Amino acid sequence: MISRRHLLALGGGTAALALLPLPALAGEGEGTADAALYAFFAECFERDVAARPLRAMQLGRKTGYDQLDDISEARASADREQVRADLARLARDFPDAQLSPTARLYARLFRERGQDAIDDFRWRHHQYPLTLVGGPHTNLPVQLINQHKVESRSDAQAYIARLRQFPRYFGQLLERLRLAEQAGILPPRYFFPDLIATCRNQITGRPFQADAAAEAPLYADIRTKIEKLALPAEEGADLTAAAQDAMLTGVAPAYRALITWLQEAAPRSNPDHGAWRLPEGQAFYASCLKRWTSLPLTAAEVHQTGLAEVKRIHGEIHAIMRQVNFTGSLQDFFDHTRKEDRFYFPDTPEGREAYLRQALEYTDAIRARLDDVFNLKPKAPMEVRAVEAFREKSTPGAFYNAPSPDGSRPGIFYANLSNIRARPRYGLETLTYHEGIPGHHMQVAIAQELPGVPDFQKFGGGYSAYGEGWALYAELLGKEMGFFQDPYSDFGRLSAELWRAVRLVVDTGLHAKRWDRQQAIDYFVANTPMETGGAAREVDRYIGWPGQATSYKIGMIKILELREAARRRMGDRFDIRGFHDAVLRNGRLPLPLLAEQVEAWSKS
């Protein structure tokens, strides 16, 4: 079990490290060594973005707008060597002794991110490229639909050129799948039917079946975007014909080749699941826990922490049961909240619209109170949307997409409403605070808007325990701000926290303790209000993404520990807004470095 004292000790202390400034500009008031370092950061970032057209598109740029990424094995090896060269240059040209404290911290982050990438190269084939909650087969269409803007004829031509590159892109994906199989790594057997069905969804409808009632997702998107250009009729018709041809000669063959491989590989796959069954599985899972939590925790520690948290939260739910005068067991109460129609929106288009409308109302209410607890607030807007029908079966219940830095695309809180009974009313308030404000939207949009922070840090991923830990902390913050006035809504908050605690138990159970899938589902259903179907989706996610599910609760525990340590240290000087500044002012951080920053703030 991870004790509070143990988590704080893992922070490492502040030593001589300084609190990163806000909002000083990079290099402002500092020496030429700092300025040269920031120029090096910018050079590396721009080089990497230029080599990744889909990343550029995500950032709102049109660099390589008619290209898809190179995801080949050769490129992966070249990227590793480039990182090694960058780290060697950092050590040679920018010794810490010549840098300011702020620049040393950014150099440390750059070094840690680079070393993590080098270390993870060993496990590149252990990470399943295709899972039941994502992969290039679904992510690429989603990126094009949501991020490829068509503002001119040339933009439409670039989109069509990308459609024609699907065979090359999927060919490189197949290369990765075959190399993984040679290394003894295939997804669990039961993944394959859903993977095949998801691929078929992309090539179902017009233009693949001329008499189909609906259009294929990508074709519907590009055709609609061409129409909105309001070009002369002949030009628009030519572009639409070219898009149709690209779908038939590019997209369709790519997906059919992938489907063929999946059909042939399924009988060769293993019916078991869990990282333990993979070559060097124990070492791989240890690396997953280290990467997702950014702390040196063992599977046994994480598992015991989960068990203790489940017990604690069950106790808090019992208090809610007494508040609403419910007589019966915890399982009776769970069953009550699963079955009562009043806890669900109607299973109709109007019910789904009402769900989204309620999420916006929660967002507006908490946004009006942000000044009470935040100095930093994002400029980027946020929208609430339902997940598109074509990917409902392959996405989580809710998730967040970042805004583009240029302001052309808002942050998006997506809700998967394919099964409205899996989205209870009492869970919507906490879900809104987690995915939107003050959760992921605050954390991600603020990071992108920070002045003086190098782009590799503003826009870098990783450190899930920071990002997901913040979003789970944001749920509790909503309670502390005076929201969750309805006891059932507060039950929804506790249910969400319970869900994350159960994740600690189930993820380690599956990957370290050799639980089978049904055992994991049964534990979920016995200890949370989640119904069997939802529990199965969760378990499938953990099987395909070892360790990721542990980041939420570990990160939240750490943030709360840091807050309470700062409160004890500062006494009456403690200001919640200053604490949130210290957490958010630098973008994603590994938890040990976050601890250093918060401690430095509390002593400053």
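The values are calculated or read from the model by the stated rules, or taken from the named source; none is laboratory data. These figures come from a predicted structure and were not determined experimentally. Don't worry about glycine lacking a Cβ; one is built from the backbone with ideal geometry, like all the others, and counts go over all protein chains shown.
Tabulated data for the structure shown
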item	result
Neighbours by Cβ (under 8 Å, 6+ apart or cross-chain): first from the stretch 432-460, under 17 Å from A471 (Cα atoms) and touching a residue at least 24 places away in the same chain (Cβ under 8 Å); second among the acidic types (D, E) and buried (at least 22 other Cβ atoms within 10 Å of the Cβ)	Y433/E475; H434/E475; G439/E475; H441/E435
Single residue of the stretch 525-554 satisfying the filter (in a helix (DSSP H, G or I) and of a type in the set (A, V, I, L, M, F, W, C)) that is surrounded by the most Cβ atoms within 10 Å (Cβ to Cβ)	I554
Residue check, G462 in a helix (DSSP H, G or I) and touching a helix residue (DSSP H, G or I) at 6+ places or on another chain (Cβ under 8 Å)	no
Residue list for the stretch 165-185, restricted to those being in a helix (DSSP H, G or I), within 16 Å of D70 (Cβ to Cβ) and not aromatic (F, W, Y)	P167, R168, G171, Q172, L173, L174, E175, R176, L179
Complete set of residues in the stretch 461-475 that are in contact (Cβ under 8 Å) with a residue 60 or more places away in the chain and touching an Asp or Glu at 6+ places or on another chain (Cβ under 8 Å)	G462, A471, L472
Matching residues, the stretch 146-157, being at pLDDT 95 or above, in a helix (DSSP H, G or I) and surrounded by fewer than 20 Cβ atoms within 10 Å (Cβ to Cβ)	R153, S154, D155, Q157
The listed residue being among the small types (G, A, S) and free of Cβ contacts under 8 Å to residues at least 40 places away in the same chain, out of A266, A210	A210
Test set (1) at pLDDT 95 or above; (2) over 25 Å from the mean Cα position of the chain (by Cα); (3) closer than 29 Å to L376 by Cα - F45 fails condition number	(2)
Of residues in the stretch 579-593 being aliphatic (A, V, I, L, M) and within 16 Å of L450 (Cα to Cα), the one surrounded by the most Cβ atoms within 10 Å (Cβ to Cβ)	L589
Unique match (being at pLDDT 95 or above and loosely packed, with under 15 Cβ neighbours inside 10 Å) among E301, E235, E309	E235
Residue under evaluation V453, criteria (1) surrounded by fewer than 21 Cβ atoms within 10 Å (Cβ to Cβ); (2) modelled with pLDDT under 95; (3) not polar (S, T, N, Q), criterion not met	(1)
The stretch 27-74: number of residues that are within 17 Å of L173 (Cα to Cα), assigned to a helix (DSSP H, G or I) and touching a residue at least 60 places away in the same chain (Cβ under 8 Å)	2
Residue that is modelled with the lowest pLDDT [pool: residues in the stretch 487-534 that are among the hydroxyl-bearing types (S, T, Y) and within 25 Å of W276 (Cβ to Cβ)]	T532
Conditions (1) surrounded by 12 or more Cβ atoms within 10 Å (Cβ to Cβ); (2) at pLDDT below 95; (3) not in a helix (DSSP H, G or I); number of the one not met by L295	(2)
Flag if I576 is among the β-branched types (V, I, T) and surrounded by fewer than 22 Cβ atoms within 10 Å (Cβ to Cβ)	yes
Hits in the stretch 426-446 (condition: touching a helix residue (DSSP H, G or I) at 6+ places or on another chain (Cβ under 9 Å) and farther than 24 Å from Y344 by Cβ)	I437, P438, H440, H441, M442, Q443, V444, I446
Any hit, the stretch 241-259, residues being in a helix (DSSP H, G or I), free of Cβ contacts under 8 Å to residues at least 60 places away in the same chain and under 30 Å from H511 (Cα atoms)	no
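For (1) crowded, with 18+ Cβ neighbours inside 10 Å; (2) touching a strand residue (DSSP E or B) at 6+ places or on another chain (Cβ under 7 Å); (3) part of a helix (DSSP H, G or I); (4) modelled with pLDDT of 90 or more, each residue gets a yes or a no:
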| position | (1), (2), (3), (4) |
| --- | --- |
| R391 | yes, no, yes, no |
| P396 | no, no, no, no |
| P405 | yes, no, no, no |
| I412 | yes, yes, no, yes |
| L417 | yes, yes, no, yes |
| R421 | no, no, yes, no |
| G427 | yes, no, yes, yes |
| T430 | yes, no, yes, yes |
| H434 | yes, no, yes, yes |
